[in-house]
Amino acid sequence: MTRRITLAGAALSLATTLASIALAAPNDYAFEPVSANVNRGEVTVAVRLMHKPTGKPVTDAVITQTRIDMAPDGMATMASPMTPLPSPEPGVYAFKTELSMAGRWQLSISARVQGEAEPVVGRVVFTASR
């Protein structure tokens, strides 16, 4: 009897784990700014990719697209090139860019996360001052 209960518990645990893996989706992830306020000029912007259900950073994502522009201030055509930088810490993705004027700059970013069929996409707003 004890063995059946143990096996049933193990089966339930395995089923729950498999269900959570199968139900994972790109919206289970979020990009967050490491620091939302930056100076204008040549800067480093960095985002952390978080797995929302566990609250842990995603360390093995592959960034596939990035764009930074002033869309939040109605100037989406005001864009700046970006250069990827080495990760300063696990789960953080950093980029060098030139923010030519003060205001709100939106980083649009797409990443592939291992085990996800669809890319994870996000938009993060940085405020450039001075």
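Some observations on this one:
- When the stretch 61-73 is filtered for residues that are touching a Pro at 6+ places or on another chain (Cβ under 9 Å) and open to solvent by less than 80 Å² (accessible area, probe 1.4 Å), the ones remaining, listed by number, are Ile63, Thr64, Thr66, Ile68.
- Strands (runs of 3 or more DSSP E) enclosed by the stretch 53-122 - at least 2 residues per element that are modelled with pLDDT of 95 or more, of a type in the set (Ser, Thr, Tyr) and within 19 Å of Val43 (Cα to Cα): 92-99
- Condition met for Leu49 (open to solvent by less than 60 Å² (accessible area, probe 1.4 Å) and under 19 Å from Ala25 (Cα atoms)): yes
- For the stretch 85-111, a tally of residues being farther than 24 Å from Ala71 by Cα and open to solvent by 80 Å² or more (accessible area, probe 1.4 Å) returns 4.
- Some residue of the stretch 24-31 being within 30 Å of Ser129 (Cα to Cα), at pLDDT 95 or above, in contact with a Pro (Cβ under 8 Å, 6 or more places away or on another chain) and of a type in the set (A, V, I, L, M, F, W, C): no
The values are calculated or read from the model by the stated rules, or taken from the named source; none is laboratory data. Only a predicted model underlies this, so the values are computations on that prediction, with no experimental measurement involved. Neighbour counts are summed over all protein chains in view; Cβ atoms, including those assigned to glycine, are modelled from backbone coordinates with ideal geometry. Each accessible area value is taken on the protein alone, full model and side chains, heavy atoms only, with ligands, DNA and RNA left out. Shrake-Rupley method; radii C 1.70, N 1.55, O 1.52, S 1.80 Å.
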